[in-house]
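The values are calculated or read from the model by the stated rules, or taken from the named source; none is laboratory data. The structure presented is a predicted model; accordingly, all values stated were derived computationally and were not measured. All Cβ positions, even for glycine, are placed from backbone atoms using ideal geometry, and neighbour counts span all protein chains on display.
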Amino acid sequence: MKYVMRAVKYFVAFCVLYVAIVWLGLKSSQGMDHSVWESIAVTMQTTRGWLLAGAVVLLSALYPRFGFMTRRVECDMVEDREQLLNAFTLSGFALKEESDGRMVFRADNLVRRIVMLFEDEIVVEQYAQWVDIRGIRRGVANAAYRLDLYMDAKQRATEE
């Protein structure tokens, strides 16, 4: 059910983006007396319009599949808590919930949450000597990259 809700959210977001682009195009054209809806209706009467609609439906249906990921970083949630929190803070996320072996982060401001369509939850769970970071791809990739850098720096410091 979560997959379907995400697909619907992305479909609506793509439609809003398309309407905004059409509106901006009409506003920048001098002498055009068409409304946005008339322009969209004319576009949908063509083969290109139907291909565009099909592409939006397909992309919306597939995005939840490739828009979310899990990364594994060698880290201990207790020992490396400061580095973990710093990595997420610098990535634009704040700790919202914490329990034994699990942390939940969310985007730190409303604008970022809206841009992420409120799919901004990133879950960090301890798995042996690793932490699994699971959530939206761009947030996970950014935070995991920063955490990896912190862990590499820590390892180099202990080797010296």
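For segment 107-149, a residue qualifies if it is more than 21 Å from ASN86 (Cβ to Cβ) and of a type in the set (Val, Ile, Thr), and the qualifying residues are VAL111, ILE114, VAL115. Of the strands (runs of 3 or more DSSP E) lying entirely inside segment 101-160, the ones with 3 or more residues being outside the structural domain of ARG6 (by TED's automatic domain parsing), free of Cβ contacts under 8 Å to residues at least 60 places away in the same chain and not polar (S, T, N, Q) are found at 102-107, 122-127. Any residue that is over 30 Å from ALA144 (Cα atoms), surrounded by 11 or more Cβ atoms within 10 Å (Cβ to Cβ), of a type outside the set (S, T, N, Q) and out of contact with any strand residue (DSSP E or B) (no Cβ under 6 Å at 6 or more places or on another chain) - is there at least one of those in segment 57-67? Checked against the condition, which is being over 30 Å from ALA144 (Cα atoms), surrounded by 11 or more Cβ atoms within 10 Å (Cβ to Cβ), of a type outside the set (S, T, N, Q) and out of contact with any strand residue (DSSP E or B) (no Cβ under 6 Å at 6 or more places or on another chain), segment 57-67 yields at least one hit. Taken over segment 89-148, the criterion of being polar (S, T, N, Q) and within 13 Å of CYS75 (Cβ to Cβ) is satisfied by GLN126, GLN129. Of the residues GLU38, GLU121, which is surrounded by 14 or more Cβ atoms within 10 Å (Cβ to Cβ) and among the charged types (D, E, K, R)? The match here is GLU121. In a residue-by-residue description of segment 66-87, the property of being within 30 Å of VAL4 (Cα to Cα), at pLDDT below 90, of a type outside the set (S, T, N, Q) and under 19 Å from the mean Cα position of the chain (by Cα) applies to at least one position. SER91 satisfies every condition listed in (1) surrounded by 14 or more Cβ atoms within 10 Å (Cβ to Cβ); (2) closer than 23 Å to ALA7 by Cβ; (3) not assigned by TED's automatic domain parsing to the domain that holds LEU17 except (2). Number of residues in segment 84-94 that are assigned to a helix (DSSP H, G or I) and either of a type outside the set (S, T, N, Q) or at positive phi (or both): the value is 5.
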